[in-house]
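Report on the following structure.
The values are calculated or read from the model by the stated rules, or taken from the named source; none is laboratory data. These figures come from a predicted structure and were not determined experimentally. Heads up, the Cβs are rebuilt from the backbone with ideal geometry, glycines too, and the neighbour counts pull from every protein chain shown. Please note that ligands, DNA and RNA were not included when accessible areas were found on the heavy atoms of the full protein model with its side chains. Shrake-Rupley method; radii C 1.70, N 1.55, O 1.52, S 1.80 Å.
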Amino acid sequence: MIRLSLDEVRDLACRVLRKHGFDEAHTAALADTLVAGQRDECASHGIYRLLGLIATLRAGKVVPNAVPKVLDQAPAIVKVDAGGAFSPLAFRTGLPVLADKARSCGIAAMAINHCVHFSALWVELEAITALGLVGLACNPSHAWVAPAGGARPVFGTNPFAFGWPRAGKHPFVFDFATSAIARGEIELHRRAGKPIPLGWGVDANGQPSTDPNLVLDQGAMLTFGGHKGAALAAMVELIAGPLIGDLTSQESLDFDAGTKSLPYHGELIIALDPVRFLGDAAEAELARAEALFTAMQQDGARLPSQRRYEARARSDANGVTLPAALHADVLALLA
Ligand code: NDP
Ligand code: PYC
């Protein structure tokens with residue numbers, strides 16, 4: 001393992017991105033997202049993703065310098081056209097408009113269109129809760145996941161995330177793929193030459209498999225919770241696909257045309273303003289939520305994101321570690 005400070009990780013990411021032609025605005029937004037993933041020990045969405053970003057650029061499947069275009073679609077709806085670029089700059093650009101609309105209407109939605117997507121959604125949920133808003137976000141990906149009872153991929157890994165602001169504390173955030181696990185995690189098992197647990201995927205014959213190669217290249221991933229995860233995955237396809245005029249996971253895979261680039265589609269983000277819902281009672285009502293969080297933890301259970309926040313504190317103090325092979329692969333992008 002190679003140990004690096006967070007500044008060194010950011011510098012490395014920025015150097016790679018600039019070298020490959022990303023403009024400064026995209027470089028900053030992408031580096032922040034990648035460093036956050038590495039810092040919170042979310043290995044599948046940290047610096048590892050830099051390899052996918054550059055492979056996608058080399059395949060001609062992402063625009064490195066598109067300027068996001070904001071469209072005021074309706075009193076409670078903002079659209080941001082990412083112009084074929086990665087999504088973080090589009091999110092960053094549209095967030096102030098989404099927040100204004102949520103404060104004025106109580107609830108508002110942001111559709112990001114025509115973006116290439118690679119990031120963990122909790123990064124965005126934390127930005128929304130930092131503004132005192134409750135948030136939800138979801139997006140399709142590529143059709144890699146079979147519906148419960150099926151054997152062939154239909155859905156993407158379709159993450160769904162929720163965030164709730166807490167006074168003086170880290171927000172309550174959960175963020176999960178509707179597949180049993182993010183695809184990136186299976187890719188990391190393959191890189192490490194490790195088998196995957198049963199339940200993550202099936203081979204080409206629909207048989208349960210622990211071989212990441214068979215699941216990634218020939219078979220299909222599985223949803224979490226059987227038909228329940230499949231229904232959620234279908235919901236994500238619909239509300240972050242046709243509802244916002246963007247691609248489903250199958251359409252994204254068709255657009256990919258075998259290049260194995262990162263998915264190209266849209267994202268739906270919803271923000272709710274507790275003050276608009278509750279007026280002067282907002283503070284007291286949100287304080288009541290704390291009893292729920294206390295009860296959830298009383299017998300040893302932990303809150304979602306707690307592991308991340310603990311990892312963040314460690315990384316802020318000591319920096320992060322990268323597998324030497326990953327570090328070498330990233331350095332090779334500078335050659
Ligand atoms: P995990 O299964 O690792 O974790 C999902 C969520 O559950 C996290 O909020 C996690 O918190 C929480 N959690 C895990 N274990 C526990 C526990 N024992 N008690 C309470 N909470 C727990 O994530 P996935 O593999 O499903 O997804 C990983 C990431 O991949 C996500 O950030 C997602 O956004 C991203 N992704 C992005 C896609 C894209 O298209 N952009 C596609 C698919 C996934 P904690 O982090 O603290 O462990
Ligand atoms: O890990 O499933 C995944 C994923 C898809 C796009 C970005 N991450």
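Annotations
- Separation of the T294 and N213 label points, Cα + 7 Å toward Cβ, nm: 5.5 nm
- Over 31 Å between alpha carbons, listed pairs K61/K169; K79/K194; K69/K260; K194/K260; K194/K228: K61/K169; K79/K194
- FRET E, pair L71, A192, Förster distance 51 Å, beta-carbon r, rounded to 0.05: 0.70
- Square roots of five times the Cα gyration tensor eigenvalues for the stretch 218-262, Å: 20, 17, 6
- Computed from the C-alpha gyration tensor, the three semi-axes of the ellipsoid equivalent to the chain are 29, 24, 23 Å, from longest to shortest.
- Segment A332-A148, length gained on full extension (0.36 nm per residue, minus Cα span): 62.2 nm
- For the stretch 64-121, a Kirkwood hydrodynamic radius built from all Cα pairs, placed in the Stokes-Einstein relation at 4 °C and 1.567 mPa s, yields a translational diffusion coefficient of 114 µm²/s.
- Positive-pole candidate from G300, L278, T321, dipole of the stretch 277-335, charges at beta carbon: T321
- Separation in nanometres of the label points that stand 7 Å from Cα toward Cβ, at F174 and A257: 4.1 nm
- Per-selection metrics, the stretch 1-134 (Cα): Rg and Dmax in Å: 15.4, 50
- Here the ratio of the Cα radius of gyration of the stretch 218-335 to 2.2 N^0.38 Å is 1.57.
- Considering only beta bridges that DSSP places wholly inside the stretch 51-144, some 45 percent are antiparallel.
- Ligands, DNA and RNA are left out, and with a 1.4 angstrom probe the accessible area of the chain is 44 Å² per residue.
- Assigned charges on the beta-carbon of Lys, Arg, Asp, Glu; the stretch 212-283 dipole about Cα centre (debye): 220 debye
- Ordering 238-250, 106-118, 308-320 by mean Cβ neighbour count within 10 Å, with the highest value first, yields 106-118, 238-250, 308-320.
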